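The values are calculated or read from the model by the stated rules, or taken from the named source; none is laboratory data. The shown structure was predicted, so the numbers you read here are calculated from the model rather than taken from an experiment. Glycine gets a Cβ as well: all are built from the backbone with ideal geometry, and neighbour counts include every protein chain shown.
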């Protein structure tokens with residue numbers, strides 16, 4: 001449920017932002033960047049509010065956190081694509097692939113490291 005809702009929210013917000021930015025006359029790369037920026041959510045604020053209310057372990061609390069995490073992962077991937085496009089107006093797929101080939105393994109390593117830390121290191125530290 002969280003994946004479907006998160007992806008749906010990101011897609012609809014990005015599409016709306018892209019349309020508005022295009023109507024305002026922004027270049028395509030700039031319009032994409034603006035539309036991705038509109039999809040950002042404040043995951044930390046929502047988690048803190050759910051924690052204060054004591055609803056972090058409720059069904060809707062877990063679904064909300066799942067939606068925000070999906071949104072954050074999609075935005076990370078989108079910003080990686082945008083970073084490859086930075087500085088040029090016309091980028092072909094053959095020019096973009098080497099940059100993406102370097103970026104995504106690095107992001108994957110960071111994600112694996114964060115998951116490992118959350119599972120094995122942080123419980124001991126916060127315990």
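Residue pairs whose Cβ atoms lie under 8 Å apart, sitting 6 or more positions apart in sequence or on different chains, and linking a residue in segment 54-70 that is surrounded by 15 or more Cβ atoms within 10 Å (Cβ to Cβ) to a partner that is at pLDDT 85 or above and part of a loop (DSSP other than H, G, I, E, B), are 61/55; 62/56; 65/56. Residues of segment 96-127 that are touching a helix residue (DSSP H, G or I) at 6+ places or on another chain (Cβ under 8 Å) and outside any helix (DSSP H, G or I): none at all. Can you find a residue in segment 25-44 that is assigned to a loop (DSSP other than H, G, I, E, B) and modelled with pLDDT of 90 or more? Yes, segment 25-44 contains a residue that is assigned to a loop (DSSP other than H, G, I, E, B) and modelled with pLDDT of 90 or more.
Name the single residue, out of those in segment 1-33 being farther than 29 Å from residue 63 by Cα and touching a residue at least 60 places away in the same chain (Cβ under 8 Å), that is surrounded by the fewest Cβ atoms within 10 Å (Cβ to Cβ). If we take residues in segment 1-33 being farther than 29 Å from residue 63 by Cα and touching a residue at least 60 places away in the same chain (Cβ under 8 Å), then 27 is surrounded by the fewest Cβ atoms within 10 Å (Cβ to Cβ).
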